[in-house]
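Okay, so here's the structure we're looking at.
Just so you know, all these numbers are worked out from the coordinates, no wet-lab data involved. Since the structure is predicted, the reported quantities are computational estimates derived from the model, not experimental observations. A quick note on method: Cβ atoms are made from the backbone with ideal geometry, for glycine too, and the neighbour counts reach across all protein chains shown.
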Amino acid sequence: MKIVLPIAADLTRGRAATPIAFIRAIVLGYRARGMDPANTLRLARIPEPWLDDPAVRVTAAQMEVFSALAMQELDDEALGWFSRRLPWGSYGMLARASLTSPTLEIAIKRWCRHHHLLTDDLTLEFGHTRNIATLRIAEARDLGELREFCLVSMLRNLLGYACWLIDSRIALAETTLPFRSPPHADAYPYLFSGPIRFDADAAGFSFDARYLALPLRRDEAALRTMLQRALPLTVLQYRRDRLLVHSVRQILAAAPAASHTAEALAVRFNLSVRTLHRQLKEEGVSLQKLKNEVRREQAIRLLLQTRKPVKQVAAAVGFDSEKSFARAFREWTGMAPSRFREDPAAEKASR
């Protein structure tokens, strides 16, 4: 498949956040095979003297061009990480093998299982509890000078592909890396959201297990298009999060009497207020609708499972007065709170 690369004029535009150490790691792959990377560096507009300056950063576009051309020249999509080459198209095959999965969980399991067919230099181990899903890399041999770049790339490849499959950002609970914090550690937050822990036992990341149940939103046509420019998935983070509705609902349910303004919620999710409203709308709800649903569920529970006076129930779910609560409750259920509590069929009717 032909790769579509950014045009040369665009390569140096935008934030330069990718450490030169990652470029240097690819250069090591060239030199290990007795090949000269000079022309590829030139096409990516990366001067060779930069390789000796650990403070240098390159743009995502420069990284994309250099690594994509290197994969083709070396005929190795692993760029020299493993004891054998991964010929051009290996990761495309891996992606295609998991594309028909019904959920993200099945897709990740297939990716991990099939990756072992490509190399046994490391193993991708995936598992989850009720709340947390975890991906871990078990190293079977010494990866040498390419270790950092290999492990980081493996994690980002799978994370980027998983996000693309469900068309959603996957918020990470933690990323672990089994090496010391490097001089360019300030670049890692651009690659992995959430806490990052160096000097860990193994490379890996964890995230909310609820993502695993999300259905895939991509097909073969979308895959063919994506594979023409797959690298941005490994360096850029999704902004949209399809678990946003669930997360907002959890916050509202934890304290239904609180005001929960859009501004406060936006800060918690590191979004602008406008983006918060837009993403909720894309999922078919509004913040006010979520508030009403949570208050309704909480009010019904308190009315049926406790003997609290209606006035106290109203306050517990965020209403200033019993009158305004009664009006809202009538809109939700078709009856007054007191009658709802006394009606044996109320619970069934409220569903």
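Which translational diffusion coefficient, to the nearest whole µm²/s, is obtained for the chain from the Stokes-Einstein equation, given a Kirkwood hydrodynamic radius over C-alpha pairs, 37 °C and 0.692 mPa s?
Details: Rh = 23.1 Å.
Roughly 142 µm²/s, to the nearest whole number.
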message: Restricting to DSSP H runs of at least four residues, report the calculated mean residue ellipticity at 222 nm for the chain, -39500 (n - 2.57) per run over all residues, nearest 500 deg cm²/dmol.
response: -14500 deg cm²/dmol
- request: Could you sort out which of Lys109/Lys289; Lys281/Lys323; Lys291/Lys311; Lys289/Lys323 sit more than 25 Å apart by Cα distance in this structure?
  value: Lys109/Lys289; Lys281/Lys323
query: How many times 2.2 N^0.38 Å is the alpha carbon radius of gyration of segment 244-349?
result: 1.15
message: Using each residue's phi in segment 49-59, evaluate 6.51 cos²θ - 1.76 cosθ + 1.60 at θ = phi - 60° and report the 3J(HN,Hα) Karplus result to the nearest Hz, with x for Gly and Pro.
response: x, 4, 4, 9, 10, x, 7, 6, 10, 10, 7
- prompt: Once amide H atoms are built 1.01 Å from N in the peptide plane, which residues 5 or more positions from Thr176, or in another chain, come under 5 Å H to H?
  reply: Arg197, Gly204, Phe205
message: Which one, Ala202, Leu227, Val267, projects farthest toward the positive side of the charge dipole computed for segment 196-326 from Cβ point charges (K/R +1, D/E -1)?
response: Val267
C-alpha long axis of helix 287-305 to longest principal axis of the chain, angle in °: 50
- request: Sticking with the crude label model, points 7 Å out along Cα→Cβ, report the distance from Phe198 to Arg180 in nm, one decimal please.
  value: 0.8
task: Could you please state, rounded to a whole Å, how far the C-alpha centre of segment 191-212 is from the C-alpha centre of segment 64-141?
output: 17
- request: Starting at the first residue of segment 170-175, write each ³J(HN,Hα) from the Karplus equation 6.51 cos²θ - 1.76 cosθ + 1.60 with θ = phi - 60°, in whole Hz, x for Gly and Pro.
  value: 10, 6, 8, 6, 6, 10
- request: For Arg42 and Arg268, compute 0.36 nm times the residue count separating them, minus their Cα-Cα distance, and round to one decimal in nm.
  value: 77.0 nm
- line: GNM of the chain, Cα pairs under 10 angstrom: of Leu143, Leu11, Leu304, the biggest fluctuation goes to Leu304
task: Report, in degrees rounded to the nearest 10, the 0 to 90 angle that the Cα long axis of helix 60-74 makes with the longest principal axis of the chain.
output: 50
- request: Would you mind classifying segment 70-144 by shape? Square roots of the alpha carbon gyration tensor eigenvalues, ordered a ≥ b ≥ c; an a/c under 1.5 is rounded, otherwise it is prolate if a/b is larger than b/c and oblate if not.
  value: oblate
message: Please list, by residue number, every one of the trypsin sites (Lys or Arg not before Pro) in segment 121-187 that is coil in DSSP and has at most 11 other beta-carbon atoms within 10 Å.
response: Arg130, Arg141, Arg180
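If the chain between Glu293 and Gln250 were fully stretched, how many nm would it gain, using 0.36 nm times the residue separation less the Cα-Cα distance?
Gain in length upon complete extension: 14.3 nm.
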